[in-house]
Amino acid sequence: MADRRYETLVVIHPDQGEPGVKELAARIRKLIEEQGGTIGQIQEWGVRDLAYVVAKQHRAFYLLFEYRATSKALAEIERNLKLTDSVLRLVSVRQAENAPPTPPRTVRRFEREDGEPEGADRENLGEEMP
């Protein structure tokens with residue numbers, strides 16, 4: 001079977017924290033490589049609000065994996081991810097062979113109690129940072 005391009009977006013429980021997410025990303029990378037896949041890129045999107053409540057959570061960590069693998073490898077990767085307790089949701093999409101890579105997104109960290117992202121200044125809202 002021929003390798004195809006895929007991207008998988010994984011939504012991870014927020015209780016994992018930054019170190020837990022990095023460890024899980026390494027485990028997923030190893031899983032893809034064990035199945036004969038090659039990683040194109042991994043993007044950590046940080047903590048984002050969910051569109052609706054999933055497993056009583058309003059926020060979650062997002063990880064995007066772009067890789068090449070066979071369809072059998074994709075099925076095994078998805079099966080393993082579904083069995084992982086910290087994964088709330090995942091979606092895998094086959095990409096066109098000539099599709100450009102996904103542009104990087106800004107990483108969002110946990111927010112402070114007042115709802116502002118860490119390191120954000122109210123005075124600088126709407127202004128570009130140097």
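Tabulate in residue order the Karplus-calculated ³J(HN,Hα) for the stretch 27-42, using 6.51 cos²θ - 1.76 cosθ + 1.60 with θ = phi - 60°, rounded to whole Hz; enter x for Gly and Pro.
5, 5, 4, 4, 4, 4, 5, 5, 8, x, x, 10, 7, x, 7, 10
Please give me, ordered by residue number, the trypsin sites (Lys or Arg not before Pro) of the stretch 19-73 that lie in loop per DSSP and have at most 12 other Cβ atoms within 10 Å.
For trypsin sites (Lys or Arg not before Pro) across the stretch 19-73 that sit outside H, G, I, E and B with at most 12 neighbouring Cβ atoms in 10 Å, the list reads LYS56.
Which whole-Hz ³J(HN,Hα) couplings does the stretch 87-101 yield from phi under the Karplus relation 6.51 cos²θ - 1.76 cosθ + 1.60, θ = phi - 60°, glycine and proline marked x?
Karplus values, whole Hz, x for Gly and Pro: 8, 7, 8, 8, 9, 10, 10, 7, 9, 5, 4, 9, 5, x, x.
Among the GluC sites (Glu not before Pro) within the stretch 38-110, which fall in a DSSP loop and have no more than 10 other Cβ atoms within 10 Å of their own Cβ?
Taking the stretch 38-110 and a limit of 10 other Cβ atoms within 10 Å, the loop GluC sites (Glu not before Pro) found are GLU97.
Values in this text are rule-based calculations from the coordinates and carry no lab data. Here the structure is a predicted model, which is why all the values come from computation and not from measurement. We place every Cβ from the backbone using ideal geometry, glycine too, and count neighbours over all the protein chains shown.
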